Amino acid sequence: MCAMIEPLTYFWLLLKASLFSTGGTGNLPSIHADMLARGWATDRHFAEALAIGQISPGPNGLWVVCFGYLTAGVRGALLAALAITIPPFFVLAVAALHRRIGDHPAMQGFVRGLGLAVSGIFLVVVVQLLNEVGIDWRSVTLVLAAVGLGLSNRLPIPVVLGLAAVAGMVLY
Amino acid sequence: MTKFLDDGPGAGDTRGNGVVATPLVVLSQAGPALWLLFRIWLQLGVQSFGGGMATLYMIRRAVVDQRQWLTAAEFTQDWALCQAAPGINLICMTILIGRRVAGIPGALVAVIGLLLPSVSITITMTALYATFRDSTLLQSALHGVVPATVGLGLLLSSSMARPLLAASWRESWGSLVVSSGLLVGSALALLLWHLPVILVLCCAGLIGALTAWQQTLRKAYVRHD
């Protein structure tokens, strides 16, 4: 069982992670590190939330709402929804800044550096999620199959995940 | 692109100059405009199955083709800005368009319209899952879904990094070395030394800013010679 969650800190951790990242899943590494450190979530929560977030409607960043529900019930889901709604409003500041210094190379360099770090860190966290199911021939095959299907771009993501679910029922 | 591969940073290479910030609607007409905005974004929120790129396409059709609230160029420019802003790109985009149409109240109304249906459905789906999560069949299904999510996550990570590395490659060898270093270095910083994620992100941003700045200074210097 997870440790008692303090709502304010919980909200701040989700908000902070989204403030300092871009895109719907850029906040994953930060949330992962903070929540695991406090014992407020397990790797399983992340794996489940990411999977449901992929299937449900809306931007894929709504995985945080699933995460909120799984770790802290309806209150957690609502706190999470609020935490991911606030940071995008900073786009107004970015637009204003861009009108003034958008073409400055340092600004573009900053955005690029940030993007590279997000990609690198994301890779580490995603691979760590495999610990949840164990690394063996079954899980590695499923990873490769998903990469292949994703690259081919033929099937919508929910269908790929549906196939994976069926494969899971057969294999495990 | 598919849902998982959509809203990473770095696709924002096509920046335009300056954004027109004047709302299209004056205050006296704001009531009906707000209501219209809310209705349109509510519809988009309900239909947003299939994820980021599909939703972006629907938004574009609604606000550029049908309503002519923005030109195609303004739409592209706004999307580029969203890549550099914190948080979910689709929400950023909703805010920028809402503000163009009816100022800050427009931005708020559009965001609520987009999120109300999708967040409610997401919570319902998670609650359903939580009810049955201990059934063995659901557990073995999840055993299959987790590796698939990892696979799609690998694709997402590479689709985030690729345009950034390609841009560095076009600039110079040095730039490519710095960019690859930032990519690998930040992964190692987390994996080996367990540094705080925010610290790694800030450092990478600063290194990126300093090297880009220093390179332009050097270029200017060479030209003066």
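Things to note:
- Globularity index of region A:16-172, i.e. its alpha-carbon radius of gyration over 2.2 N^0.38 Å: 1.17
- Summarising the amide proton neighbourhood of B:GLY87: residues at separation of 5 or more, or on other chains, whose placed amide H is nearer than 5 Å comprise A:SER21, A:THR22, A:GLY23.
- The protein assembly as shown: proportion of alpha-carbon pairs further apart than 32 angstrom, %: 33 percent
- Accessible surface for region B:79-225, divided over its residues, is 44 Å² per residue with a 1.4 Å probe.
- Selection of chymotrypsin sites (Phe, Trp or Tyr not before Pro), region B:151-225, meeting DSSP coil and at most 15 other Cβ within 10 Å: B:TRP193
- Cα gyration tensor shape of region A:50-132, rounded if a/c is under 1.5, else prolate or oblate by comparing a/b with b/c: oblate
- Unit Cα scatterers, Debye sum, region B:26-163: log10 I(q)/I(0) for q = 0.14, 0.16, 0.17, 0.18 Å⁻¹: -0.77, -0.92, -0.99, -1.06
- Computed from phi, the 3J(HN,Hα) profile of region B:60-75 under the Karplus parametrisation 6.51, -1.76, 1.60 (θ = phi - 60°) reads 4, 4, 5, 8, 9, 7, 7, 9, 6, 6, 10, 7, 4, 5, 4, 4 Hz, with x in place of Gly and Pro.
- Using the Cβ-Cβ distance between B:VAL184 and A:ILE86 with R0 set to 45 Å, the FRET efficiency works out to roughly 0.90.
- Relative protection proxy for A:33-42, B:93-102, from highest mean packing down: B:93-102, A:33-42 (other beta-carbon atoms within 10 angstrom).
- Tensor-based shape of region B:151-211 (alpha-carbon gyration tensor, a/c under 1.5 rounded, otherwise prolate or oblate): oblate
- For region A:52-172, the carbon plus sulfur part of the accessible surface works out to 70%, probe radius 1.4 Å.
- GNM result for chain A, Cα springs below 10 Å: residue of A:VAL126, A:VAL65, A:VAL140 fluctuating most strongly: A:VAL140
- Kirkwood Rh, angstrom, region B:33-104 [1 / mean 1/r, Cα pairs]: 12.3 Å
- Applying the Karplus relation 6.51 cos²θ - 1.76 cosθ + 1.60 with θ = phi - 60° to region B:132-143 yields 3J(HN,Hα) values of 9, 5, 8, 5, 5, 5, 5, 5, 6, 4, 5, 4 Hz, where x marks Gly and Pro.
- Taking label points 7 Å from Cα along the Cα-to-Cβ direction, B:ILE104 and A:LEU151 give a separation of 4.9 nm.
- Accessible area buried at the B-A interface, both sides summed, 1.4 Å probe (Å², nearest 100): 8500 Å²
- In terms of its alpha-carbon gyration tensor, region B:75-225 comes out oblate; a/c meets the 1.5 threshold, while b/c is at least as large as a/b.
- Mean-position separation - Cα centroids, region B:159-189 and region A:85-124, in angstrom: 16 Å
- Considering only A:VAL125, A:TRP12, B:ASN89, and ranking their Cα positions along the charge dipole of the protein assembly as shown that arises from unit charges at the beta-carbon of Lys, Arg, Asp and Glu, the one farthest toward the positive end is B:ASN89.
- Inter-label distance for A:ARG44 and B:LEU199, nm, one decimal - labels placed 7 Å from Cα along Cα-to-Cβ: 3.2 nm
- Surface accessible to a 1.4 Å probe, per residue, for the residues of region A:79-172, Å²: 45 Å²
- Helical mean residue ellipticity (222 nm; -39500 (n - 2.57) per DSSP H run of 4+; nearest 500) of the protein assembly as shown: -25000 deg cm²/dmol
- Against the criterion of solvent-accessible heavy-atom surface with a 1.4 angstrom probe, A:CYS66, B:CYS203 sort, most first, into B:CYS203, A:CYS66.
- Equivalent ellipsoid of region B:111-175: semi-axes from √(5λ) of the C-alpha gyration tensor, largest first, are 38, 21, 5 Å.
- Whole-Hz couplings from phi, Karplus 6.51/-1.76/1.60, listed for region A:74-85; x for Gly and Pro: 4, 4, x, 5, 5, 4, 5, 4, 5, 5, 8, 8
- Sequence of B:THR71, B:THR211 when ordered by accessible area, the most exposed leading, probe 1.4 angstrom: B:THR71, B:THR211
The values are calculated or read from the model by the stated rules, or taken from the named source; none is laboratory data. Because the structure is a prediction, the values reported are computed rather than measured. Note that each Cβ is placed from the backbone with ideal geometry, even for glycine, and that neighbours are counted across all protein chains shown. Remember, those area values only see protein heavy atoms, side chains included, never the ligands or the DNA or RNA. Shrake-Rupley method; radii C 1.70, N 1.55, O 1.52, S 1.80 Å.
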